[in-house]
Amino acid sequence: KAGVTQTPRYLIKTRGQQVTLSCSPISGHRSVSWYQQTPGQGLQFLFEYFSETQRNKGNFPGRFSGRQFSNSRSEMNVSTLELGDSALYLCASSLNRADEQYFGPGTRLTVT
Amino acid sequence: AQSVTQLDSQVPVFEEAPVELRCNYSSSVSVYLFWYVQYPNQGLQLLLKYLSGSTLVKGINGFEAEFNKSQTSFHLRKPSVHISDTAEYFCAVSPGNSGNTPLVFGKGTRLSVIA
């Protein structure tokens, strides 16, 4: 069974631009969660999607948004990028909401 | 609300020595507990999980953890570490089968194995 895939793996953007990251969960998994990981703040929860609905949202500004499609694939978008948005963005999928999560390799975003 | 506290942010240990990474959680309901490992420039990988049953859980790479309900702890142990165990380790909790919230992660413990 293929694992969680994230594209792109690396991304360099300029302040003020926007970016879209993609996540394909393990086949059959319905829950997708996104996390931001930085050296200073550690692993921070962004949002969770289940059956195309956002179920939980972390404490991030409205510039961070996401969605989930009917095939469970998910995208997150960050608008008006700031230097502080430079981070590793991790996507994780699980069969159901309280099950163990399987993580993708992450997308490393660098904002210059 | 649940929370997870990993008591040590960094743990240095010599190769072939034993190690314990500590994790305490708070929750008002029964929980599922997990340990994940993250190697440099990679995503998180599940090491082991406790859902129910035996309180001693064995995972991959020789790691094990013990669920202690009275002390609300889920410490990770390995009797003899290798250089390749150098990584960051995350403890996580979920509310079992009531399932209205996602996993809550601790801040991580960086394990450094010294040759």
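Points worth noting:
- When B:Ser112, B:Ser84, B:Ser80, B:Ser54 are checked against the criterion of being assigned to a helix (DSSP H, G or I) and on the phi < 0 side of the Ramachandran plot, a single residue qualifies: B:Ser84.
- Residue in the range B:61-70 that is closer than 19 Å to A:Glu100 by Cα, more than 14 Å from every other protein chain (Cβ to nearest Cβ) and of a type in the set (Asp, Glu) present: yes
- Taken as a whole, the structure places A:Lys57 among residues that are closer than 29 Å to B:Val37 by Cβ, surrounded by fewer than 17 Cβ atoms within 10 Å (Cβ to Cβ) and basic (Lys, Arg).
- 3 or more residues closer than 22 Å to B:Gln45 by Cβ: qualifying strands (runs of 3 or more DSSP E) within the range A:1-76: A:5-7, A:19-24, A:31-38, A:42-50
- Filter result (open to solvent by 70 Å² or more (accessible area, probe 1.4 Å) and more than 14 Å from the chain's Cα centre (by Cα)) within the range A:3-13: A:Ile12
- Top-ranked residue of the range A:94-104 - restricted to ones that are of a type outside the set (D, E, K, R) and open to solvent by less than 40 Å² (accessible area, probe 1.4 Å), ranked as farthest from the other protein chains (Cβ to nearest Cβ): A:Ser94
- Index of the failed condition, B:Leu46 passing every other in (1) open to solvent by less than 20 Å² (accessible area, probe 1.4 Å); (2) at pLDDT below 95; (3) in contact with a helix residue (DSSP H, G or I) (Cβ under 9 Å, 6 or more places away or on another chain); (4) of a type in the set (A, V, I, L, M, F, W, C): (1)
- Selection from the range B:33-71 of residues that are of a type in the set (S, T, N, Q), closer than 21 Å to B:Glu88 by Cβ and in contact (Cβ under 8 Å) with a residue 40 or more places away in the chain: B:Gln38
- As a summary of the residue check, B:Cys23 satisfies the conditions (1) within 11 Å of chain A (Cβ to nearest Cβ); (2) within 11 Å of the chain's Cα centre (by Cα); (3) open to solvent by less than 70 Å² (accessible area, probe 1.4 Å) except for the one numbered (1).
- Inter-residue pairs, beta-carbon under 6 Å, first more than 12 Å from B:Ile114 (Cα to Cα) and basic (Lys, Arg) and in the range B:9-23, second surrounded by 12 or more Cβ atoms within 10 Å (Cβ to Cβ) and modelled with pLDDT of 95 or more, 6+ apart: B:Arg22/B:His75
- When the range A:14-41 is filtered for residues that are crowded, with 17+ Cβ neighbours inside 10 Å, under 18 Å from A:Glu82 (Cα atoms) and within 14 Å of chain B (Cβ to nearest Cβ), the ones remaining, listed by number, are A:Leu21, A:Tyr35, A:Gln36, A:Gln37.
- In the range A:77-89, the residue that is farthest from the chain's Cα centre (by Cα) out of those that are outside any loop (DSSP other than H, G, I, E, B) and exposed (fewer than 14 other Cβ atoms within 10 Å of the Cβ) is A:Leu83.
The values are calculated or read from the model by the stated rules, or taken from the named source; none is laboratory data. Only a predicted model underlies this, so the values are computations on that prediction, with no experimental measurement involved. Because the Cβ atoms are built from the backbone with ideal geometry, glycine has one as well, and the counts that use them run over all protein chains shown. Keep in mind that these areas ignore ligands, DNA and RNA; they rest on the heavy atoms of the full protein, side chains included. Shrake-Rupley method; radii C 1.70, N 1.55, O 1.52, S 1.80 Å.
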